[in-house]
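Each remark here refers to the structure printed beneath this line.
Each reported figure results from applying straightforward, stated rules to the coordinates on display, with no laboratory input. These figures come from a predicted structure and were not determined experimentally. Here the Cβ is made from the backbone with ideal geometry for all residues, glycine too, and neighbour counts use every protein chain on show.
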Amino acid sequence: MKFKNAKYVALLAAIPFSCALASGDIVGKKNDEGLRGVRQRGLAAKTCSKEKKVSIYKFCIEGDCDSGAEGEHRLKLDGQWLWNGFRDFREGQCHSINHSAKTVAAWKSLAVGTEEHDDWSENDSYFATMTASSWYSETCETYELILAKEHTSAKKESMCWEMSAAGGAKGVDLGLTATRCTEWTTPSESFLWYLKVEPKDVSYITYPPTSPPTTASSLPPTTPPTASPASPPTPASEFAVKTCSKEKEVSIYKFCIEGDCDIGAEGEHRLKLDGQWLWNGFRDFREGQCHSINHSAKTVAAWKSLAVGTEEHDDWSENDSYFATMTASSWYSETCETYELILAKEHTSAKKESMCWEMSAAGGAKGVDLGLTATRCTEWTTPSESFLWYLKVEPKDVSYITYPPTSPPTTAPSLPPTADVPPPTPHAVSFESSLLGTSGSSHASLNVKIASLVIGLLGALVFFG
């Protein structure tokens with residue numbers, strides 16, 4: 001056979017390529033090489049616990065807070081002193097602080113404080129608080145909080161949050177109700193606490209590229225998806241509903257004294273919750289500070305008003321007593337999430353009382369609506385001369401009802417069925433289904449197609465020859 005034209009040579013050269021193309025060898029290699037680079041990268045998700053590790057890493061004194069240039073202070077975080085005794089801190093300076101980080105739950109208000117030693121009079125005490133929605137974020141990145149408390153007669157407090165540009169570049173949104181520090185002005189006469197907020201129990205979950213999480217973009221499938229999964233759905237895709245009893249577990253976890261409630265710097269108190277004393281006798285609580293309280297939670301029914309109280313021991317006269325109450329609509333919510341209540345009772349002659357509720361930004365992000373008639377703490381002002389009870393409200397008898405993905409509850413959003421997964425492009429499917437079949441009959445038809453392709457090419461050569 002003579003080849004009078006170069007196109008015949010090209011046509012014959014195409015035969016081995018066509019046969020290889022029909023057998024899938026070259027396509028398979030290119031496909032593997034294209035996917036191999038992606039598989040090497042994989043997909044890793046950073047996870048952490050709901051708790052945070054919090055520490056004071058810097059303490060600053062802005063302005064003149066005492067008669068001398070230096071003051072003796074001891075610092076407090078989340079109701080605990082960071083060290084015993086007092087340390088010298090010069091005014092108009094910032095001071096590095098080193099201590100073990102404290103583990104703080106997501107639902108809690110966070111408090112910092114200082115007590116300044118005075119040789120000529122009673123020690124001065126200052127504290128500042130942050131509600132959960134002001135300081136807590138679900139992010140697994142580290143961020144910073146700055147709290148300020150004026151050491152003037154007004155004793156105003158304010159705060160802000162900040163994180164690095166790296167965190168912002170990652171698209172991290174803390175979702176806090178506090179002001180960002182770039183939009184905040186440092187008070188001129190104040191104490192400043194700089195806090196580091198770190199994630200706790202950080203880990204990484206690595207997903208193979210062939211099965212990334214549903215929120216990530218998947219690689220194009222090499223075979224058309226089937227209408228039903230070949231294997232049972234994984235537990236991660238199941239739908240779980242959190243349930244709890246109508247009763248609540250309530251405890252006082254912090255007690256604060258704002259202002260001067262007695263002639264001395266310390267007072268002896270015993271606290272009451274829901275009509276029961278938390279301990280026998282009296283305990284010392286310093287004015288101008290917040291104090292951690294530990295006791296067994298009380299079970300409170302949904303319909304009840306909730307009351308807190310304190311009795312202050314007095315050696316010179318009758319003991320002073322204060323209490324504050326909340327109606328059921330003010331404090332009770334059907335949510336199975338933990339939330340916080342703050343009650344205030346003025347220890348002035350007016351003895352006014354007020355309250356607020358708060359929960360973390362994480363709870364708000366979940367769409368949790370407490371539906372309480374009380375004010376949210378972000379819209380509430382702490383009375384300047386008052387007792388403050390901080391309450392933890394927890395769900396009771398928590399359990400989870402798990403529904404398989406194929407039959408979620410009618411009230412919950414259904415997972416998208418597997419049949420709704422968009423199919424691959426028609427060209428890729430038709431090519432793979434026609435040339436790259438996997439069954440025995442497909443292999444037989446494949447051989448027929450290869451033979452037909454070769455015969456067709458040879459026939460064309462004979463025709464042109």
As an exercise, use a Förster radius of 41 Å and the Cβ-Cβ distance of residue 348 and residue 280 to find the FRET efficiency, rounded to the nearest 0.05. 0.90
Subtract the Cα-Cα distance of residue 384 and residue 84 from 0.36 nm times their separation in residues, and report this length gain in nm to one decimal. 105.2 nm
Whole Å is fine, so just give me how far the alpha carbon centre of region 241-279 lies from that of region 111-157. 20 Å
Relative pair counts by distance (%), Cα atoms of region 244-315, 10 Å bins: 18, 46, 25, 9, 1
Charged-residue dipole, Cβ positions (Lys, Arg, Asp, Glu), region 71-195 about Cα centre, Debye nearest 20: 400 debye
Count the net charge of all other residues whose Cβ sits under 10 Å from the Cβ of residue 270, scoring Lys and Arg as +1 and Asp and Glu as -1. -1
Protection proxy (average C-beta count within 10 Å per residue), highest first, orders 131-137, 371-377, 198-204 as 131-137, 371-377, 198-204
